[in-house]
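Novice: What follows is a structure written as structure tokens; I'll ask about it next.
Each reported figure results from applying straightforward, stated rules to the coordinates on display, with no laboratory input. A quick note: this is a predicted structure, and the numbers were derived from the prediction, not measured. Ideal geometry is used to build each Cβ from the backbone, glycine not excepted, and the neighbour counts take in all protein chains shown.
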Amino acid sequence: MLEEYPIKGRRAAEISASVERAVADGGLEPGQLLPPMRELAQQLGVNPNTVAAAYRTLRERGVIETAGRRGSRVRPKPATTAREHIRVDVPTGVRDVSDGNPDTALLPSLVEAFTAAAAVADRDPVLYGDDPLEPELVRRARAGFDSDGVPDGPVAVASGSLDAIERVLAAHLKAGDAVAVEDPGWGSMLDLVPALGLRLVPVGVDDDGPLPDEVERALRDGARALVVTGRAQNPTGAAVGAARAKALRDVLEAHREVLLIEDDHGHGIVDLPLHPLAGVTQHWAFVRSVAKAYGPDLRLAVLTGDAATVDRVRGRQRLGPGWVSRIVQRAVTGLWASGAVDARAVAASYGKRRDALIAALAERGVEAHGRSGMNVWIPVPDETGSVARLLHAGWAVAPGARFRMNAGPGVRITVSRLSVEEIEAVADVVAAAVGPAPARSYA
């Protein structure tokens with residue numbers, strides 16, 4: 001059996017690490033059955049309880065799943081195999097519209113903001129024990145939340161949206177708890193949840209965001225948390241409108257014990273109004289990143305929420321990184337204060353390209369979606385074939401497998417690298433590659 005399963009170790013930690021290494025390097029493939037615990041224990045010369053503890057650790061880390069008498073097997077999408085690896089290698093000469101990055105021409109210069117922030121740090125360095133939050137950043141963040149109707153609550157700062165969401169989930173949930181997530185949805189979120197030892201529960205979406213009936217089903221079946229993207233949903237560009245927000249709040253009213261997390265990473269690049277859901281449930285968090293509007297390398301997101309949630313996030317953060325650099329916080333504050341990003345102009349630029357591509361595809365009989373943000377989602381009948389044909393035609397797109405669980409196949413195109421003049425040519429290539437639109441919705 002060990003010829004088939006390269007598992008070694010005498011202690012539970014060593015056995016679980018051996019399995020993780022094998023999954024990461026391909027020695028154990030997604031879906032592959034693991035040895036029964038007693039059989040592996042006999043082969044390794046250890047107590048069966050040691051193997052049981054190792055398997056339990058692997059389940060909690062999202063590497064394997066156990067189905068009773070059917071045994072334990074590597075998860076179809078193990079946490080050690082991030083969805084970022086489900087991508088197309090882009091050869092020289094091929095245009096890359098797959099990466100989800102913003103248009104660098106729309107990002108502000110950082111020189112002046114960081115120069116000013118560093119000058120303050122030279123005069124008055126931040127030391128251990130000092131306030132981890134830049135007061136003016138907090139004031140401006142809270143004012144922005146207030147203007148968008150986000151309920152009152154304390155503010156924290158994290159190293160990007162995913163860091164904030166991870167800390168909120170860890171503050172409330174335990175291994176094995178279920179989290180309702182959008183499907184199709186953000187690939188990093190679909191990686192994060194099982195990596196925390198939590199279970200994914202897919203919730204279908206349409207152009208207005210999560211479908212209320214599917215949210216109700218997920219929460220009724222025991223999901224302990226719900227993650228919603230209010231605008232610029234990745235990959236579909238969905239945006240929660242007023243009617244959909246009301247319907248979702250009605251669902252949440254009956255499940256006030258659920259942890260609600262809202263991701264507003266589209267702030268600064270979207271001109272659609274926000275319709276927050278926060279405040280309905282007992283515990284909630286609202287996360288706003290600067291990555292898409294000001295630059296991914298800033299690694300900063302602000303979040304607010306109920307007092308208990310934010311206090312837990314701050315407390316755990318103190319035991320890890322301590323704080324997000326006050327120099328970075330001051331630089332972001334300076335960028336906000338200077339009006340370095342014209343959100344309306346940025347939204348208009350992305351919107352012009354996105355809408356033009358969707359319209360051009362519609363003229364060619366190809367269904368496409370993208371109400372907001374910088375991405376267009378295209379349902380396809382044959383995902384692998386469509387990606388390969390587009391690559392052969394000189395265009396690298398993101399495979400839908402990075403973003404979906406139960407949702408139908410599709411591909412994502414990021415418009416930030418496209419010029420309006422290229423749209424017709426891109427639409428021709430896509431129409432030829434994907435064929436007629438599938439009969440089903442992408443949800």
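Novice: Suppose every K and R has +1 on its Cβ and every D and E has -1 on its Cβ; what is the size of the dipole of the chain about the Cα centre, in Debye to the nearest 20?
Specialist: 1180
Novice: Using 1/(1 + (r/R0)^6) with R0 = 30 angstrom and r between the beta carbons of A243 and D99, what's the FRET efficiency to the nearest 0.05?
Specialist: Working from the Cβ atoms, E equals 0.35.
Novice: Going by how many other beta carbons lie within 10 Å of each one, how would you line up M189, M374, fewest first?
Specialist: M189, M374
Novice: Which net charge results for the neighbourhood of V168, defined as the other residues with beta-carbon distances under 11 angstrom from its beta-carbon, given Lys and Arg at +1 and Asp and Glu at -1?
Specialist: -2
Novice: Also: Can you tell me, using C-alpha contacts under 8 Å and at least 6 residues apart, the relative contact order of the chain as a whole percent?
Specialist: Relative contact order for the chain comes out at 18 percent.
Novice: Also, I was wondering about something else. If you put +1 on each Lys and Arg Cβ and -1 on each Asp and Glu Cβ, how big is the dipole of the range 111-338 around its Cα centre, in Debye rounded to 20?
Specialist: 540
Novice: Residue by residue, what Karplus-based ³J(HN,Hα) values in Hz, rounded to whole numbers, does the range 213-227 have, using 6.51, -1.76 and 1.60 with θ = phi - 60° and x for Gly and Pro?
Specialist: Per residue, the Karplus-derived 3J(HN,Hα) values read 4, 6, 5, 4, 4, 4, 6, 5, 7, x, 4, 8, 8, 9, 10 Hz.
Novice: Where does the longest stretch of the chain lie that holds no GluC sites (Glu not before Pro) found in a DSSP loop with 14 or fewer other Cβ atoms within 10 Å?
Specialist: 5-256
Novice: Once fully extended, how much extra length lies between R344 and D146, figured as 0.36 nm per residue of separation less the alpha-carbon to alpha-carbon distance?
Specialist: 69.4 nm
Novice: Sorting L298, L110 on the 10 Å Cβ count, fewest up front, what's the list?
Specialist: Fewest to most other Cβ atoms nearby, the residues stand as L110, L298.
Novice: Rounded to the nearest 500, what is the chain's calculated 222 nm mean residue ellipticity when only DSSP H runs of at least 4 contribute -39500 (n - 2.57) each, over all residues?
Specialist: -12500 deg cm²/dmol
Novice: Choose one of V120, P91, A254: the residue whose Cα lies farthest towards the positive end of the charge dipole of the chain (beta-carbon charges +1 Lys, Arg; -1 Asp, Glu; about the Cα centre).
Specialist: It is A254, whose Cα lies furthest towards the positive end.
Novice: I'd like the distance separating the alpha-carbon centroids of the range 303-376 and the range 28-63, in whole Å.
Specialist: First find each Cα centre; the distance between them is then 41 Å.
Novice: Can I ask one more? Positive end of the charge dipole of the chain (Lys, Arg +1 and Asp, Glu -1 on Cβ, about the Cα centre): tell me which of V346, L361, G176 has its Cα farthest that way.
Specialist: G176
Novice: Exposure proxy check: F114, F145 ranked by fewest other beta carbons within 10 Å?
Specialist: F114, F145
Novice: Another question about this same structure. Add +1 for every Lys or Arg and -1 for every Asp or Glu among the other residues with Cβ under 11 Å from the Cβ of L277, and state the total.
Specialist: 0
Novice: If I model a spin label as a point 7 Å beyond the Cα along the Cα-Cβ vector, how far apart are those points for R217 and E363 in nm?
Specialist: For R217 paired with E363, the spin-label model returns 3.8 nm.
Novice: Tell me the label-point distance for the pair R139, L127, using the 7 Å Cα-to-Cβ offset, in nm and rounded to one decimal.
Specialist: Rounded to a tenth, the inter-label distance reads 2.5 nm.
Novice: Once you order the gyration tensor axes a ≥ b ≥ c over the Cα atoms, which shape class does the chain get: rounded for a/c under 1.5, otherwise prolate or oblate by comparing a/b with b/c?
Specialist: oblate
Novice: Once you've got the GNM for the chain with C-alpha springs shorter than 10 Å, pick whichever of Q317, Q42, Q282 has the biggest mean-square fluctuation.
Specialist: Checking each option, the largest mean-square fluctuation is seen for Q42.
Novice: Dividing the convex hull volume of the Cα atoms of the range 12-74 by its residue count, what figure in Å³ per residue is obtained?
Specialist: Normalising the Cα hull of the range 12-74 by residue number yields 75 Å³.
Novice: Something else about it: How large is the charge dipole for the range 12-74, taken about the Cα centre, if only the Cβ atoms of Lys, Arg (+1) and Asp, Glu (-1) carry charge, to the nearest 20 debye?
Specialist: For the range 12-74, the charge dipole is close to 260 debye.
Novice: Which percentage, to the nearest 5, of the DSSP beta bridges contained in the chain is antiparallel?
Specialist: 55
Novice: Ok, one more. Working out 0.36 nm times the residue gap between K352 and K8, then minus their Cα-Cα distance, what length gain in nm do you get to one decimal?
Specialist: The span from K352 to K8 would gain 118.2 nm if fully extended.
Novice: Which value in nm describes the separation of the simple spin-label points at A175 and A425, placed 7 Å from the Cα toward the beta carbon?
Specialist: Rounded to a tenth, the inter-label distance reads 5.3 nm.
Novice: A further question on this structure: Subtract the Cα-Cα distance of Q42 and D311 from 0.36 nm times their separation in residues, and report this length gain in nm to one decimal.
Specialist: 92.1 nm
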